Amino acid sequence: MGSSAFLLKIPIFTKLKKIFTIIIVLLGITFTTFAQLKPNPEGDPAVKTVKFYPNPAITAINFELPRGYYNKSYSLQIYNFMGRKVSETNAAAQRVAFSLDGFYRGVYIFQLRDQFGKIVESGKFQVVKY
């Protein structure tokens, strides 16, 4: 009789285990998403704050920085896809323009860094040459 009672409890245990696993996964996703949010200088969480255009770019690319990221010690750096820094400038204005003279066709990565060298935001853009 003891073995039949044990067999009746197994499906309930299996269902509870599945529910518990789903709850753990959902909590993990929630905390992971929360951890990826980057606070901007004003304290509001934001995922992407730097706007850049046009993409793909031909002769120049413009970066628009949100308030709080310029007139401070922020720098905007551009790397080629091999990881070599090809350009850098201080983010002294809300709009920063880079001339693409001397850039080859391909994918480039930009990084906005704070005064300590920490990456605040990064992204990629494409340069096309005709």
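Only the coordinates and a few stated rules stand behind these numbers; no lab work does. Not measured: the values here are computed from a predicted model. Cβ atoms come from the backbone with ideal geometry, glycine included; neighbour counts cover every protein chain shown.
Could you give the nm distance between label points at Arg84 and Asn55, where each point is 7 Å from its Cα heading toward the beta carbon?
Here the modelled spin labels are 2.4 nm apart.
Could you tell me which of rounded, prolate or oblate describes the range 41-127, using a ≥ b ≥ c as the square roots of the eigenvalues of the alpha-carbon gyration tensor, with rounded for a/c under 1.5 and, failing that, prolate when a/b is larger than b/c and oblate otherwise? Before the final figure, lay out each step's value.
Details: a/c = 1.80, a/b = 1.65, b/c = 1.09.
Cα axes put the range 41-127 in the prolate bin.
Would you mind calculating the gained length between Lys15 and Asp114 on full extension (0.36 nm times residue separation, minus the Cα-Cα distance), in nm to one decimal? Could you put the intermediate results ahead of the total?
Numbers: separation 99, 0.36 × 99 = 35.64 nm, distance 4.95 nm.
Gain in length upon complete extension: 30.7 nm.
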